[in-house]
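Notes for the one structure printed next.
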Amino acid sequence: MKKTLVAVAAMAAVTGAMADATIYGAIDQTYNTAKTTVGGVVTNSKTGFGAYQDGQSLLGVKGSEDLGNGMKASYLYEFGLQTETTAAPTNRQSFVGLSGGFGSIRIGKQYSQAFNNSAAADPGGATGAPGALYLIAMTGYDGTEHPLRQDRGIQYDLPSFVPGMNITLTKVLGNVNSAATNSTSNTETNGVKTGDGTGFAISYASGPFYAGYTTDSVNNTAINAGTTDDVTPLANTVVAASSTSKNKINTTTLTYDLGMAKVSYNTGKMSIAGQALSSTMFGVTVPMGAISLIASSSTGKLDTTSTDLTLKGSQYGVNYAMSKRTTAYWHTGTTTINTVGSTVQKKVNGYGLGLLHNF
């Protein structure tokens, strides 16, 4: 349950004004295991605690203020928590925004529209088990979180002209001045600022139907795809950054809730100068009272000047809603990778048994 606190900090002390803040979060603890085999030989095996269902335990605070004349200010600050270790909290999201008749704008670190659109098709909820190979689950364009989340991002939602339709424009400022003068940091190449990008997203939802499309173009950034023995087991950098060719990212999602089952489809492609990583995923969620059965099947393909790979993934699991806020679950999956021209197959499989509580 979300708790509402009355904040009477500095502003209240000076102006007498009072503001509401909502604290929320999630604690996700999972016993999980993952095993990597290459040519049938085990090369890596991991067992321990982590987070699957929500991706990471978190703690956040958010709120809004009515400015009058139909305008509202809002903010959100969300930390990622490693509850099974003593690791320091991380910044998941932190943005401030304005909304009104002009639409809404958010400035700061936030989830990308590409991720939101792709995750809408994942019956596993963007979890940690192997096998969900939709594009955004296995790639990053600068070696950090992108395009899962975008630092220094500006997202503008246009006013709704058609019921159910949303249009969002995105601008990301990847490089910033690093000194008190106007000199720029050394990540600017030939006048191109690394990580600068623009994006466009459009979605339509009506009753049980959802359709979404996103496209982004980012300067001088590589295509990264997980780590060697992770649940996204590709070499870290699969296509090098180019100062002359942009990294282009496209995603398309369709979902339909039939009542007895919700079906989903997602396809995505990330490309630089003709070299590309692409994926397709089909998913289904079957509700059975407090129990939900989930399953997905994914394929992927990497085409580069040096390597061609084909990927297959499957993921399935069971979620048991013990209450509106507490879920027990079991998720498992398998990813296989084949190098074109080679008979040696790489496979990662694993499972997670966990408990998630939202508050």
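The values are calculated or read from the model by the stated rules, or taken from the named source; none is laboratory data. Model, not experiment: these values are computed from the prediction. Every residue, glycine among them, receives a Cβ derived from its backbone with ideal geometry; neighbour counts consider all protein chains shown.
For a quick check of your reading: which strands (runs of 3 or more DSSP E) sit entirely within segment 270-359 and have at least 2 residues that are closer than 19 Å to Thr253 by Cβ, among the β-branched types (Val, Ile, Thr) and touching a strand residue (DSSP E or B) at 6+ places or on another chain (Cβ under 8 Å)?
Values: elements: 275-288, 291-303, 308-321, 326-339, 345-358.
Here the list reads 275-288, 291-303.
In contact with a strand residue (DSSP E or B) (Cβ under 8 Å, 6 or more places away or on another chain), closer than 25 Å to Thr332 by Cα, of a type outside the set (D, E, K, R) and assigned to a strand (DSSP E or B): does that describe Gly80? Break it down stepwise before answering.
Details: in contact with a strand residue (DSSP E or B) (Cβ under 8 Å, 6 or more places away or on another chain): yes; closer than 25 Å to Thr332 by Cα: yes; of a type outside the set (D, E, K, R): yes; assigned to a strand (DSSP E or B): yes.
So Gly80 passes the test.
Buried (at least 18 other Cβ atoms within 10 Å of the Cβ), in a strand (DSSP E or B) and either of a type in the set (Phe, Trp, Tyr) or at pLDDT below 95 (or both) - does that describe any residue in segment 152-167?
yes
Identify all residues within segment 35-62 that are in a strand (DSSP E or B) and farther than 21 Å from Thr339 by Cβ; write none if there are none.
Result: Ser45, Lys46, Thr47, Gly48, Phe49, Gly50, Ser57, Leu58, Leu59, Gly60, Val61, Lys62.
Can you pull out every residue in segment 338-359 that is out of contact with any Phe, Trp or Tyr (no Cβ under 9 Å at 6 or more places or on another chain) and either closer than 18 Å to Ala126 by Cα or surrounded by 20 or more Cβ atoms within 10 Å (Cβ to Cβ) (or both)?
Restricting attention to segment 338-359, the residues satisfying the condition of being out of contact with any Phe, Trp or Tyr (no Cβ under 9 Å at 6 or more places or on another chain) are 338-350, 357.
Listed by number, the residues that qualify are Lys346, Val348, Asn349, Gly350, His357.
Considering only residues that are surrounded by 24 or more Cβ atoms within 10 Å (Cβ to Cβ) and among the hydroxyl-bearing types (Ser, Thr, Tyr), look in segment 107-140 and name the one that is modelled with the lowest pLDDT.
By that ranking, first place goes to Thr139.
Could you please find all residues in segment 63-98 being acidic (Asp, Glu) and in contact (Cβ under 8 Å) with a residue 12 or more places away in the chain?
Across segment 63-98, the qualifying residues are Glu65, Glu78, Glu84.
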